[in-house]
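These notes are about the structure you will find just below.
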Amino acid sequence: MRILVVGAGATGGYFGGRLAQAGRDVTFLVREGRARTLRERGLRIVGLGEQTVLEPELVTADTIEGPYDLVLLTVKESGLLGAVDDLAPAVGPDTLIMPVLNGMRQIDVLVERFGEEAVLGGIAYVMTTIDADGDILRLAGMHRLAYGRRDGRVDAKVQAVHAALSDAGFDTALSERILAAMWSKWTFIAALGAVCVLGGGTVGEVAAVPGGTALAEAVLGEAASVARAAGHPVADQELDVYRGMMTKQGSDDTSSLFRDLSAGLPVEAEQIFGDLVARAEAFGVAVPSLAAVTVRLRVHNARTAKA
């Protein structure tokens, strides 16, 4: 199976690197700046005692020789529309596209461009970042991809995808309920991000002050209400787990969005919050706390864009 990984950052570089390490036919679609770094240093996965160096197969948008069997889309919100244009030459009549971005907007964008049948649902569970040298730094041992057809079918094509991704150095799950899983993750990351942004600190710092736990309960309830209105209610046991993580005394946990915000970097305002609030409004669901976070992050992004 020919696999094209769109993006070689913290997520795409990690999973694509593992696939290449396992001998899969993997090519990375990257912009020229990232390509230059990877050609000079190789694709390096470091941290947790690891020092892996790979020589990845690279293409840029103007050198794609398609089509590919599977396209793994791993870019961030700001790169989504450009990446869709760049990867288009890699998509043929039998290509499957697996986006692992947060939220759900990427599904709408890809379906509009390539059709319902081509687009899988997908989730990446991994804690990595790009360090100052451009290497992929592992922050925790978690590394898992979940994916499947959005209507729950398990056919020969998606089974072939599962076979190609499995036994490659990370955990995999072929799901018949991938949309529910995507909504569950969206609920959690939006709620966790809202706790940190509105509280201005870590989970433990927010939980330690009067009203902190109530804030966590409120934003989790808002996010869960949107998932429920969309027809993908988050299971009570999952909400209990999320609630415990978001109110844990002494916890140093923060969301990646809050870490980017604190560092003055652009954040996924629309992908995680703006789209969720828009869907809530369409369903007639009130989400005042999430709407406040959205405005805060839009102001931040507007400011960073001028810097």
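The values are calculated or read from the model by the stated rules, or taken from the named source; none is laboratory data. Everything quoted here is computed from the prediction, not taken from an experiment. Here the Cβ is made from the backbone with ideal geometry for all residues, glycine too, and neighbour counts use every protein chain on show.
In the range 153-172, is there at least one residue being touching a residue at least 12 places away in the same chain (Cβ under 8 Å) and under 26 Å from Glu205 (Cα atoms)? No, that holds for no residue. Of Ala208, Ala227, Ala223, Ala216, all but one fail to be surrounded by fewer than 19 Cβ atoms within 10 Å (Cβ to Cβ) and modelled with pLDDT of 95 or more; the exception is Ala208. The helices (runs of 4 or more DSSP H) found wholly in the range 252-307 and carrying at least 2 residues that are in contact with a Pro (Cβ under 9 Å, 6 or more places away or on another chain) occupy 288-306.
Could you pull out the residue among Ala194, Ala160 that is part of a helix (DSSP H, G or I) and within 28 Å of Ala280 (Cβ to Cβ)? Reasoning before the result, please.
Working: Ala160 fails: within 28 Å of Ala280 (Cβ to Cβ).
Exactly one of Ala194, Ala160 is part of a helix (DSSP H, G or I) and within 28 Å of Ala280 (Cβ to Cβ), namely Ala194.
Note on the range 1-14: residues that are in contact with a Gly (Cβ under 9 Å, 6 or more places away or on another chain) and either assigned to a helix (DSSP H, G or I) or modelled with pLDDT of 95 or more (or both) amount to 6. Just to be sure I understand the filter: pairs with C-beta atoms under 8 Å, separated by 6 or more residues or on different chains, first member in the range 107-130 and closer than 18 Å to Tyr147 by Cα and without any contact (Cβ under 8 Å) to a residue 12 or more places away in the chain, second member hydrophobic (A, V, I, L, M, F, W, C) and assigned to a strand (DSSP E or B). Which pairs pass? If the second residue must be hydrophobic (A, V, I, L, M, F, W, C) and assigned to a strand (DSSP E or B), the pairs left are Val111/Val119. Would you be able to say whether some residue in the range 17-36 is among the small types (Gly, Ala, Ser), in a helix (DSSP H, G or I) and modelled with pLDDT of 95 or more? Yes, some residue in the range 17-36 is among the small types (Gly, Ala, Ser), in a helix (DSSP H, G or I) and modelled with pLDDT of 95 or more. For Glu238, the requirement of being surrounded by fewer than 19 Cβ atoms within 10 Å (Cβ to Cβ) and at pLDDT 95 or above is met.
Within the set Ala278, Ala229, Ala263, the sole residue that is more than 16 Å from the chain's Cα centre (by Cα) and in contact (Cβ under 8 Å) with a residue 40 or more places away in the chain turns out to be Ala229. Just one of the numbered conditions (1) under 25 Å from Ala235 (Cβ atoms); (2) in a loop (DSSP other than H, G, I, E, B); (3) free of Cβ contacts under 8 Å to residues at least 40 places away in the same chain is not true of Arg150: (3). Val111 falls short on exactly one of the conditions (1) under 14 Å from Ala8 (Cβ atoms); (2) β-branched (Val, Ile, Thr); (3) surrounded by fewer than 16 Cβ atoms within 10 Å (Cβ to Cβ), and that condition is (1).
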